[in-house]
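Scroll down for the structure; my scribbles are underneath it.
The values are calculated or read from the model by the stated rules, or taken from the named source; none is laboratory data. As the structure is a prediction and not an experimental result, all values here were calculated from the model. For neighbour counting, all protein chains shown are included, and Cβ atoms are generated from backbone atoms with ideal geometry for every residue, glycine included.
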């Protein structure tokens with residue numbers, strides 16, 4: 001169903017069973033997947049690539065040009081995965097020449113007033129609570145939850161299964177599976193409740209806890225802790241993920 005009062009460019013590629021409510025604007029270089037609902041007063045600009053069965057609520061603006069001084073009109077996209085919900089007044093800017101795209105994954109929830117800046121990558125099954133703000137080139141892995149009014153500095157990486165308390169200022173990388181909060185931001189333990197809800201076994205949760213004891217509780221610096229973890233703990237996907245994340249960190253990780 002497409003409202004007669006919506007503006008839909010003739011070049012827009014719109015799938016089956018898409019609902020576009022009154023007064024929404026759909027530009028020409030746009031793709032919208034089957035079964036998606038576009039609420040009233042939504043603006044979807046050139047470069048938007050929206051998946052199947054998404055829900056986009058009033059006031060959202062998808063794929064506006066970046067708020068970045070280096071942007072010079074190059075072609076880029078803002079890509080939204082399947083089954084993702086974008087609530088009121090969310091803004092997702094498209095990419096720059098750096099990565100050429102901004103990405104929000106599948107089954108993700110962006111609550112009201114969230115801002116996702118240019119060249120960000122938000123993973124699958126994430127939740128960004130009301131008024132979260134991401135600066136450019138932020139990467140968030142799957143299953144992360146960012147509490148309301150959290151602001152994230154440019155270039156920060158946030159690991160999977162992380163829980164960040166509301167109102168946080170994130171200027172350092174946050175490694176996978178942890179809880180973090182306070183000001184300045186610190187490690188508050190592992191996200192054991194979230195991991196349990198996602199069917200991590202008690203043994204696996206304890207393994208992750210033991211890894212972070214080396215990092216945060218035994219008085220080692222990061223280099224020493226990484227050596228201990230590599231030499232004394234058996235290789236598992238979780239150990240290797242944490243190890244690789246910290247090794248690749250350019251901004252450094254949150255403190256203990």
*Would you mind finding the one in 160, 148, 166 that is in contact with a helix residue (DSSP H, G or I) (Cβ under 9 Å, 6 or more places away or on another chain), within 28 Å of residue 212 (Cα to Cα) and either crowded, with 21+ Cβ neighbours inside 10 Å or in contact (Cβ under 8 Å) with a residue 24 or more places away in the chain (or both)?*
160
*Out of curiosity, is residue 139 closer than 18 Å to residue 39 by Cα and surrounded by 17 or more Cβ atoms within 10 Å (Cβ to Cβ)?*
no
*asked:* Checking residue 73 against (1) crowded, with 18+ Cβ neighbours inside 10 Å; (2) more than 20 Å from the chain's Cα centre (by Cα); (3) on the phi > 0 side of the Ramachandran plot: exactly one of these is not met. Which one?
replied: (1)
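Quick grid of which residues meet (1) at pLDDT below 95; (2) under 23 Å from residue 251 (Cβ atoms); (3) in a helix (DSSP H, G or I):
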residue	(1), (2), (3)
183	yes, yes, no
187	no, yes, no
200	no, no, no
203	no, no, yes
214	yes, yes, yes
220	yes, yes, no
224	yes, yes, yes
227	yes, yes, yes
231	yes, no, yes
